[in-house]
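Q: Below is a structure I'd like to ask you about.
What follows draws every value from the coordinates through simple rules; no lab data is involved. Computed from a predicted model, the values in this text were never measured in an experiment.
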Amino acid sequence: MTRTFAPGQIIFREGEESTDVFVILRGRVRIRVRTLLGPCVLNELGPGEIFGEMGVIEDAPRSATAEAIAETELEVISEAEFSQSILQQPVRLHQFLGTLFERLRHVSSLVRAQAATSPSEALADNGAPARFVVRLQTRYEETGYPAERVDVEITRFPFLLGRAAAHAGTAFSFNHLDLPDRAPFQVSRHHCAIEQMGNRLVARDRGSALGTLVNGQRVGVRFGVMQADLRPGANELVLGHATGPHRLTLTVETL
């Protein structure tokens, strides 16, 4: 079953009974929660993303409010249908687990950011977040690496980057952009992400083996820092070793 929601229409409210899971077919959805400082936007989701699943799995009330921010068409999946699809369709299971893991990482990043933010700054950021568009371009022609040039526009976040799987449908490998690589590998299967945190954009390492270079700053588990801010205009990302071939230009524009 599908349902269409108008801009500003509430899909479900925090505290309501959890009965269905939703997949976005088109449009955008904002997820927000109530806090002592007022409403806090957790994320904005786009086509292909799942939401509402945690309350159904836990048989618990909705933990957040979901609101359409554009005309939005959703696939509505009942609790029974969701359970059956998870058990019988491995692709759905992989999609769900990938979404869950990324959401946990995203919330962890938000918590760390809030811990470093003063109450006055938090109050200033409680409104709707800024809108960004990012142009991502690979620079393989400069490094001589035998791969096709990629030039994409990113308008929804998080945007996930990693190494292309050796076989289609490889379990637990989900990226919005798969980058070709060969042994000895520079790019991890789940390498890094471009994420929006309030009115900031950050590049976050996803636990890659060799880390990520963001405008000259090393981020990753081995460096003790997991993310770095992206500035307006051009930014440089290098996945893997600083001298490696996987170099990207990210041009950030605020709408």
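Q: Could you give each residue of the stretch 199-204 its phi-based ³J(HN,Hα) in whole Hz, using Karplus coefficients 6.51, -1.76, 1.60 with θ = phi - 60°, and x for Gly or Pro?
A: 9, 10, 10, 10, 9, 10
Q: Using only the alpha carbons of the stretch 132-254, what is the convex hull's orientation-averaged projected area in square nanometres?
A: 7.4 nm²
Q: Hey, another quick one. For the stretch 1-54, what are Rg and Dmax over the alpha carbons, in angstrom?
A: Every Cα atom of the stretch 1-54 included, Rg and Dmax give 11.7, 37 Å.
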